[in-house]
Amino acid sequence: METSFLLPDTADPASAPFWEGTAAGELRVQACADCGLWRMPPRPMCPACLSLDAVWHVTSGRGQLWSYVRPHPPLLPAYAAVAPYNVIVVELAEDPRIRFVGNLVADPSADLNSVPEDRLAIGMSVSVAFGPAQDGVVLPRWVPT
């Protein structure tokens, strides 16, 4: 059961709107309010123009698998019971420079190891899914499309 995973600080001011979005079933990306540059992970200052003003965009949640690994053995004890599992990097459809790290699962409530290794392929289409909350945190996951 996925109950002992390491979870993010959802109260961090720079990333709180992202976590509010996942709880609402939205994949949001931070952007600079001045120059428009999308950025992920969220941060207080734009790396391009140094503005401190940010806005959030709801994305389509579509992308493609850019890279992946299957840890053997797990590096963190909290994940030992579900190993081996995949960790994927998804390139967002709206902006390929925006990438998310997560897991490819068979459906939103499936276990981390629910997709066989031979189904993982660089370039495959995926879309975001939101599984059950863990200690009040809803993590984005990815499903094949």
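When the convex hull of the Cα atoms of the chain is projected onto a plane and the area is averaged over all directions, what value comes out in nm²? Could the numbers behind the result be given before it?
Working: hull surface 33.9 nm².
For the chain, averaging the hull's shadow over all directions gives 8.5 nm².
Cβ neighbours within 10 Å, averaged per peptide: list 115-127, 95-107 in order, most packed at the top.
Highest-to-lowest ranking by the protection proxy: 95-107, 115-127.
Set the Förster distance to 35 Å, then compute FRET efficiency between Glu20 and Asp118 from the Cβ-Cβ distance, nearest 0.05. List each step's numbers first, then the result.
Working: r = 37 Å, r/R0 = 1.05.
According to the calculation, E is roughly 0.45.
Could you tell me the relative contact order of region 11-145? Use alpha-carbon pairs under 8 Å, at least six residues apart, and round to a whole percent.
Worked out over region 11-145, it gives 21 percent.
Please work out the Cα convex hull volume for region 9-58 and give it in Å³ per residue.
Normalising the Cα hull of region 9-58 by residue number yields 60 Å³.
Contact order normalised by length for region 96-145, with contacts defined as Cα pairs under 8 Å and 6 or more residues apart; what percent is it?
It rounds to 41 percent for region 96-145.
Laboratory data are not the source of any read-out in this text; all were calculated from the coordinates shown. Given the structure is predicted, the values throughout are model-derived calculations rather than measurements. Every residue, glycine as well, gets a Cβ built from its backbone with ideal geometry; the counts of neighbours run over all protein chains shown.
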